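**Q** Supplied in structure tokens, the structure appears directly below.
The values are calculated or read from the model by the stated rules, or taken from the named source; none is laboratory data. Bear in mind the structure is a predicted one, so any value in this text is a computation, not a measurement. Using ideal geometry, Cβ is built from the backbone for each residue, glycine included, and neighbour counts are taken over all protein chains shown.
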């Protein structure tokens, strides 16, 4: 039964993040970027529930981004699944359980994701506009993702506590 509960928590968080990221937040006027909430869910799932669930969540979130039109099937699925698996592996070996560590990990995930997107979407097409990409896309998105990350992480922790789900190496402590 615990597996079903964990699956439901992950599925609801993925659906919630997808709806916010792809439907609700783009409609807000004057919002300079849309936070990458699906990447935050992948990080949280990998960190809380391990590498296999992080990989699975990465595949699902990547497919959700690939289906509407990234152009190349599997483009986001590859990077999200690698990041989810990597987050799960790191959580097994991390000693620190502090929120700033999660923010550093989120920043590393965002940098990896944007480097991947930049190299395979822009650089291959010989579009060398790196500075505008960083200032207009990367920086605003990472800032908004960091703002939305803590409430999203808190909701997943609350769901894990409420349903007595076993998390990887305990919970992260807020200090």
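**Q** Surrounded by fewer than 23 Cβ atoms within 10 Å (Cβ to Cβ) and at pLDDT 95 or above: does that describe residue 14?
**A** On the way: surrounded by fewer than 23 Cβ atoms within 10 Å (Cβ to Cβ): yes; at pLDDT 95 or above: yes.
Against the criterion (surrounded by fewer than 23 Cβ atoms within 10 Å (Cβ to Cβ) and at pLDDT 95 or above), residue 14 qualifies.
**Q** If you don't mind, another one. Within the set of pairs 6 or more residues apart or between chains, which connect a residue that is under 20 Å from residue 17 (Cα atoms) inside the range 151-175 to a residue that is modelled with pLDDT of 85 or more and assigned to a loop (DSSP other than H, G, I, E, B) with Cβ atoms less than 6 Å apart?
**A** Final answer for the pair search is none.
**Q** Kindly indicate whether residue 104 is within 15 Å of the chain's Cα centre (by Cα) and loosely packed, with under 13 Cβ neighbours inside 10 Å. Walk me through it before giving the result.
**A** Numbers: within 15 Å of the chain's Cα centre (by Cα): yes; loosely packed, with under 13 Cβ neighbours inside 10 Å: yes.
Yes: the conditions hold for residue 104.
**Q** Select the helices (runs of 4 or more DSSP H) contained entirely in the range 70-175, then report the ones holding at least 3 residues which are touching a helix residue (DSSP H, G or I) at 6+ places or on another chain (Cβ under 7 Å) and at pLDDT 85 or above. It would help to see each step written out before you state the result.
**A** Working: elements: 75-93, 99-117, 130-133, 139-162.
Result: 75-93, 99-117, 139-162.
**Q** Let me ask you something else. Confirm whether residue 22 is surrounded by 24 or more Cβ atoms within 10 Å (Cβ to Cβ), part of a helix (DSSP H, G or I) and under 15 Å from the mean Cα position of the chain (by Cα). Full working, then the answer.
**A** Values: surrounded by 24 or more Cβ atoms within 10 Å (Cβ to Cβ): no; part of a helix (DSSP H, G or I): yes; under 15 Å from the mean Cα position of the chain (by Cα): yes.
For residue 22, the condition - surrounded by 24 or more Cβ atoms within 10 Å (Cβ to Cβ), part of a helix (DSSP H, G or I) and under 15 Å from the mean Cα position of the chain (by Cα) - is not met.
**Q** State all residues of the range 47-69 that are touching a residue at least 12 places away in the same chain (Cβ under 8 Å), closer than 24 Å to residue 121 by Cβ and in a loop (DSSP other than H, G, I, E, B); if no residue qualifies, say none.
**A** Residue satisfying the conditions is 68 alone.
**Q** Let me ask you something else. From (1) under 15 Å from the mean Cα position of the chain (by Cα); (2) on the phi < 0 side of the Ramachandran plot, pick out the condition that doesn't hold for residue 5.
**A** Exception for residue 5: condition (1).
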